[in-house]
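Report on the following structure.
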Amino acid sequence: MSEKQEQTGSGAENGSVAETRARVLAELKGASETIENGAFDLAGDASADVVSDLIRITADLQMLIGQLAQRNSR
């Protein structure tokens, strides 16, 4: 949903959008933590490439979370 659509929607719709965004952010944070923990758990057993990929995925998710959090605060 675009910013313009959100601004023209009703208060109930805007509240719903904010709740959905908050829920998505929480889910993404949980996924990021799970992937990061998995990378460290696998560090001694998996190949270095797998661990490196998991850490990169975590970093990408954290960047996405930061961008979405900024949008959510507007």
Looking only at the range 27-59, which residues are of a type in the set (D, E, K, R), open to solvent by 70 Å² or more (accessible area, probe 1.4 Å) and in contact with a Ser or Thr (Cβ under 9 Å, 6 or more places away or on another chain)?
-> E33
When you go through (1) surrounded by 11 or more Cβ atoms within 10 Å (Cβ to Cβ); (2) modelled with pLDDT under 90 one by one for V24, which number turns out not to apply?
-> (2)
Tell me, please, whether a residue that is part of a helix (DSSP H, G or I), at pLDDT below 85 and open to solvent by 80 Å² or more (accessible area, probe 1.4 Å) can be found in the range 66-73.
-> yes
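The values are calculated or read from the model by the stated rules, or taken from the named source; none is laboratory data. Note that the coordinates shown come from a computational prediction; the quantities given were computed from them, not determined experimentally. Neighbour counts run over all protein chains shown; Cβ positions are idealised from the backbone, glycine included. The accessibility values were calculated without ligands, DNA or RNA, using every heavy atom of the protein model including side chains. Shrake-Rupley method; radii C 1.70, N 1.55, O 1.52, S 1.80 Å.
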